[in-house]
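The values are calculated or read from the model by the stated rules, or taken from the named source; none is laboratory data. Computed from a predicted model, the values in this text were never measured in an experiment. So basically every Cβ, Gly included, is an ideal-geometry build from the backbone, and we count neighbours across all protein chains shown.
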Amino acid sequence: MSDRARAFWVTAPGRGEVREIPLAAPDDGEVLVRTLFSGVSRGTEALVFRGGVPPGQRAAMRAPFQEGDFPGPVKYGYLNVGVVEEGPAELVGRTVFSLYPHQTRFVVPASAVRPVPDGVPPGRAVLAGTVETAVNALWDARPLVGDHVAVVGAGMVGCCLARLLRGIPGTRVQLVDTDPARAATADRLGVGFAVPATAFDGCDLVFHTSASGAGLARALELVATEGEVVELSWYGDREVSVPLGGDFHSRRLTVRASQVGAVSPARRGRYGHGDRLDLALRLLDDPAFDAVITGESAFETLPAVLPRLADGSLPALCHRVGYA
């Protein structure tokens, strides 16, 4: 068994490389995982690649198995699916998800991997971290049967949210995005679609995921009187104006944050982080989520692919990375 692995590092803002690194043998209670797929969470990882993590948020933005520091050199990522090659007998040979960066093989505590259910293809399981974010947002917001809900921003999180919301009986769900081409994705997810100018208003609840000031402003316009906008966007080092003038106060609107780093208070007494991730993996037993995976590249091409994902010349929701 080789004692070396290959990993993708952001060496400086806008630049990355694949490095060969030493790989220790697993100790008791650890697993050696061979990666099958990893996923590029385009919004967050593009921000990291550009060097856009503000100094005051660098500790909060650390990924669980990150090495190095922002802005670089840093090994970053958190959507990994692989096969356990060594470790506890009950895990050897199992396909597992972990919050590990882009690397060919790695060693982590056995508690850091979660088995992928038999009905979930490994290539789809890279979405587990994103579905987990959507689950947490739903726990925070508590949508009700029959609600009218808009999701502003048809990125990875927005699309996964829309699919989960569709399962609530009587709920009217509309995915809102400035790109008309996202209508085809919405159709595959089984939800409605609109560009911002034509989206229905009077929503009981609006989720905002577009990471733009214009999207947040439109979300506040779409929500009904005494309704709530749940903000999931990460803006990095950009300042965003929140339109709190006009009828914001007279309509008694609420804007609240939802972030996956902590389990929602609504379920914190019952679910830990691992339980929440297990739930996300079970929910991925749904072929509709394949609509969120919009491209794939080989691991060794990441130094050329990440700049294109970061500048938008390679459009993507979740870009999957394959490991030969």
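Couple of notes before you dig in:
- Residues in the stretch 178-193 that are hydroxyl-bearing (Ser, Thr, Tyr), in a loop (DSSP other than H, G, I, E, B) and within 19 Å of residue 167 (Cα to Cα): 0 in all.
- Those residues of the stretch 237-276 which are farther than 30 Å from residue 202 by Cβ, part of a loop (DSSP other than H, G, I, E, B) and of a type in the set (Gly, Ala, Ser), in sequence order: 261, 262, 269, 272
- Residue in the stretch 21-36 that is within 22 Å of the chain's Cα centre (by Cα) and without any contact (Cβ under 8 Å) to a residue 40 or more places away in the chain present: no
- Residues in the stretch 106-146 that are among the aromatic types (Phe, Trp, Tyr) and out of contact with any strand residue (DSSP E or B) (no Cβ under 6 Å at 6 or more places or on another chain): 139 only.
- Any hit, the stretch 47-66, residues being under 15 Å from residue 105 (Cα atoms) and not hydroxyl-bearing (Ser, Thr, Tyr): yes
- Residue 81 falls short on exactly one of the conditions (1) over 20 Å from residue 261 (Cβ atoms); (2) out of contact with any Gly (no Cβ under 8 Å at 6 or more places or on another chain), and that condition is (2).
- All positions within the stretch 86-100 that are part of a loop (DSSP other than H, G, I, E, B) and either among the β-branched types (Val, Ile, Thr) or exposed (fewer than 15 other Cβ atoms within 10 Å of the Cβ) (or both): 88, 89, 90, 92, 93
- Unique match (being in contact with an Asp or Glu (Cβ under 9 Å, 6 or more places away or on another chain) and surrounded by 24 or more Cβ atoms within 10 Å (Cβ to Cβ)) among 150, 125, 110: 150
- Remark: pairs (first residue in the stretch 210-229, assigned by TED's automatic domain parsing to the domain that holds residue 142 and at pLDDT 95 or above; second residue in a helix (DSSP H, G or I) and of a type in the set (Lys, Arg); Cβ separation under 7 Å; 6+ apart in sequence or on different chains) are absent.
Residue-wise test of (1) touching a strand residue (DSSP E or B) at 6+ places or on another chain (Cβ under 7 Å); (2) over 15 Å from residue 40 (Cα atoms); (3) crowded, with 21+ Cβ neighbours inside 10 Å.
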position: 279; (1), (2), (3): no, yes, no
position: 284; (1), (2), (3): no, yes, yes
position: 289; (1), (2), (3): no, yes, yes
position: 292; (1), (2), (3): yes, no, yes
position: 299; (1), (2), (3): yes, no, no
position: 308; (1), (2), (3): no, no, no
position: 312; (1), (2), (3): no, no, no
position: 318; (1), (2), (3): yes, no, yes
position: 321; (1), (2), (3): yes, no, yes
